Structure formats: structure tokens, C-alpha cells
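What follows draws every value from the coordinates through simple rules; no lab data is involved. In this text the structure is predicted, and so the values were computed from the model without any measurement. No Cβ is skipped: glycine too gets one built from the backbone with ideal geometry, and neighbour counts run over all protein chains shown.
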Amino acid sequence: MIIVLKKNATKEEVEHIKEKIEALGLAVHLSEGKERTIIGAIGDESKLSEAPLEALPGVESVMPIQKPYKLVSRDFKDDPTVIKIGNTDIGGSEIRVIAGPCSVETEALLIDCAKKVKDSGAKFLRGGAFKPRTSPYSFQGLGEEGLKYLRSASDETGLPVVTELMDPRDTELIAEYADVIQIGARNMQNFRLLSEVGKAGKPVLLKRGLSGTIKELLMSAEYIAAEGNSKIILCERGIRTYETATRNTLDLSAVPILKEETHLPVVIDPSHAVGRWDLIAPMAKAAIAVGADGLLIEVHSDPENALCDGAQSLKPTKFDMLMKDMRKIATAIGRTL
Ligand code: PEP
Ligand code: MN
């Protein structure tokens with residue numbers, strides 16, 4: 001249920017309304033927008049019939065949210081969510097690029113990559129220390145050692161780091177090193193993990209599952225938001241279809257649909273979507289044209305010898321050229337990069 005407050009509602013009135021809702025056993029989430037303040041009452045809505053909220057001072061109207069996702073929906077919050085992370089942000093008019101290798105390999109390689117992507121204009125460094133590999137015999141990541149390298153690359157460059165959390169037991173460890181916690185495609189519906197990451201309170205990059213619908217992605221985001229953490233970046237990274245020419249099929253229409261349904265920032269990961277370095281540039285440019293707030297791109301200085309996802313990694317020189325081209329498209333649609 002959403003409770004729309006009057007423009008002149010006083011602090012005391014807001015407190016009183018919150019207390020009433022909490023006394024009925026529902027959780028209260030406040031959304032203070034530019035135009036209006038809204039209270040989201042989440043829980044057993046039948047309880048609300050016991051209290052005529054419309055009658056409370058400060059209340060303008062009470063409306064049910066028809067959608068199954070509530071806190072992440074545009075009904076609850078109309079203004080786009082801009083998430084501040086370190087010295088940058090995501091979700092505003094500037095398009096942000098997250099770049100770096102698939103997995104953290106050596107400290108020297110990572111720092112070199114971080115410096116290069118930063119020079120080209122990336123605002124975040126990515127790299128996996130815990131890798132979700134299809135085969136148990138493939139490189140699984142460096143674990144905590146990799147997290148340490150990420151931290152030193154961040155200290156060296158000032159770029160905040162994005163890294164994946166796969167197991168609820170590692171939440172504290174990852175939260176200690178990461179600026180943004182990534183939930184990978186394979187874990188989009190790992191509900192315990194989503195709740196844990198919600199409780200951790202750090203910004204989250206939530207990737208769409210290989211066979212996850214847009215609605216399911218939003219429901220997964222709702223799990224995180226329900227824990228009081230709305231610093232969620234949604235990521236379209238390709239879905240599984242019958243097509244085999246690309247690793248997955250990039251669902252570009254997810255961007256305008258998500259932008260309509262939710263206030264959360266939306267980014268595109270063309271690397272995991274197409275799985276081929278030669279297709280990254282056209283799809284990255286298309287992502288900007290359809291309104292993505294950011295991109296996640298795998299960059300490696302020696303893709304041929306990369307321990308993971310070399311075939312879809314751009315060399316730093318190619319990445320730099322792409323950034324220049326993307327900038328032109330951003331300008332054409334009235335945004336910056
Ligand atoms: C990754 O970002 O390295 C990754 C494993 O992505 P996904 O979960 O989208 O496959
Ligand atoms: Mn990868």
C-alpha cells in the first residue's frame with residue numbers, strides 16, 4: 001500500500017502515520033521525492049483495513065500498489081534513484097562505465113588495467129575474486145587475495161570496485177573490500193543471498209538471470225529493497241535463447257521497459273551478452289541509444305592469455321576507441337559520458 005502525504009504534512013504527522021502502520025505489523029519505507037513524499041506500507045495489507053489511514057492528519061490518499069514489486073516500482077518513487085558511490089554516482093544524466101577484467105589475476109595486471117580504463121573514462125573497476133564457473137575444473141578466482149588486489153587498485157586509481165558475491169557466508173568479507181557487490185546471473189534467484197546483500201547495506205549490482213524475466217528481475221531487486229537497501233543497479237547481460245551465434249541474446253528492450261517500471265538505474269553488460277569481443281562495440285553503442293545508465297565491459301591487456309572470458313574481453317586500446325564513439329552517442333541523446 002502507498003500512502004501519499006500532503007505537501008504540508010508536518011514531521012509529527014509523518015511520525016504518527018509511521019507508528020500507526022508499524023503497530024499493525026507492517027514495515028514502513030519512506031520515499032521523499034521532489035514532488036511528494038510517499039510512505040510504503042509493506043506486509044499483510046489486510047491489517048490496514050483495521051485503521052482508516054485516510055483519516056489521519058497529513059494523509060492525502062491511500063492506494064494499493066497493484067504490481068508484485070513495490071519498493072522498486074515507479075509507483076512508490078517517481079524520481080530516478082541516483083546512487084552515490086565513492087567519488088562518483090550512477091543513475092543520473094551521466095552515463096557510467098564499469099570496466100576491468102573478468103577475474104582478478106595478478107596485482108600488477110589489475111593495477112595496469114585500472115589505470116588504463118580510468119584514463120579512457122571508466123568510473124568503476126570490475127573484477128571477480130570468486131568466480132561462478134560452469135566447470136569445477138576452471139579457474140575459480142583468487143578469493144580474498146583477489147579482493148586485496150582490487151582494494152589496492154582502487155587506492156591507486158580512486159576507482160570504486162565492483163566484485164561478485166556468490167555465497168551468503170562471504171557477505172561480510174566481500175563487503176569489507178567492495179564498493180559495489182555484484183550478484184551474478186546464476187544467483188539472481190538465490191533469495192537468501194539477496195536478503196543478505198540487502199542487510200549488508202552496500203550498493204548492489206544485480207544481474208538478470210540467464211532465464212530470468214524482467215518481472216522476476218524486479219522481484220529479486222524487491223528482496224534486496226525489502227531489507228531497507230534500495231541502492232540497487234539492475235544489469236541486463238543477455239538471456240538464453242535458441243540463437244548460438246552469440247553466447248546469449250542481448251535484450252535491449254529490457255532497458256526502456258525497466259526504466260518505465262522502476263526508478264533504479266539500469267546498466268547493460270554487452271560482454272557476457274554476446275561473448276565475442278568484435279560485437280561489444282556495436283551493442284555497447286546501442287545500449288546507450290536505448291537509454292542505459294551505464295555499461296559493464298570486460299577489458300584485459302592480454303585477452304589471449306586471460307584466465308577467464310578472454311574471447312569477450314577488449315584490449316585497452318579498443319576500449320578507448322569505443323569510449324570515444326559512445327561519447328558521441330551520449331551527446332546525441334542529451335547525456336554525457
Ligand atoms: C561476470 O560479470 O564476470 C559474470 C560472471 O557475469 P554473469 O553473472 O552475468 O554471467
Ligand atoms: Mn566474465
Q) So what is the 222 nm mean residue ellipticity for the chain from helices alone, if each DSSP H run of at least 4 adds -39500 (n - 2.57) and you divide by all residues, rounding to the nearest 500 deg cm²/dmol? A) -10000 deg cm²/dmol
Q: At 0.36 nm per residue, minus the direct Cα-Cα distance, what do Glu144 and Arg169 gain on full extension? Give it in nm, one decimal, please.
A: 7.7 nm
Q: Return the whole-Å distance between the Cα centroid of region 100-132 and the Cα centroid of region 194-231.
A: 24
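Cross-link list Lys131/Lys231; Lys77/Lys118; Lys259/Lys318: which exceed 31 angstrom alpha carbon to alpha carbon?
Lys77/Lys118
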Q.
In Å and on Cα atoms, what radius of gyration and Dmax does region 23-173 show?
A. 21.8, 64
Q) Taking a Cβ-Cβ separation under 4.7 Å as the criterion for a possible partner, which cysteines of the chain have none? A) Cys113, Cys235
Q | Distance (nanometres) between label positions extended 7 Å along Cα→Cβ at Glu19 and Ala311 | A | 6.3
**Q.** Cα-based Rg and Dmax for region 2-63, where Dmax is the largest Cα-Cα distance (Å)
**A.** 10.6, 31
(Q) From zero outward in steps of 10 Å, how is the percent of C-alpha pairs of region 132-193 spread across the bins? (A) 21, 49, 27, 3
Q. Volume per residue, Å³, of the convex hull around the alpha-carbon atoms of the chain?
A. 136
Q | Gyration tensor (Cα) of region 272-337, equivalent ellipsoid semi-axes in angstrom | A | 23, 12, 8
Q: Sort all Cα-Cα distances of region 179-306 into consecutive 5 angstrom bins from zero, then give the percent of pairs in each bin up to the one containing the longest distance.
A: 2, 11, 21, 23, 20, 12, 7, 3, 0
Q: Would you mind computing, in nm to one decimal, how far apart the modelled labels at Arg192 and Lys34 are, each placed 7 Å from Cα along Cα→Cβ?
A: 4.3
**Q.** Inter-probe distance in nm under a simple model that places probes 7 Å from Cα toward Cβ, at Gln66 and Lys115
**A.** 5.7
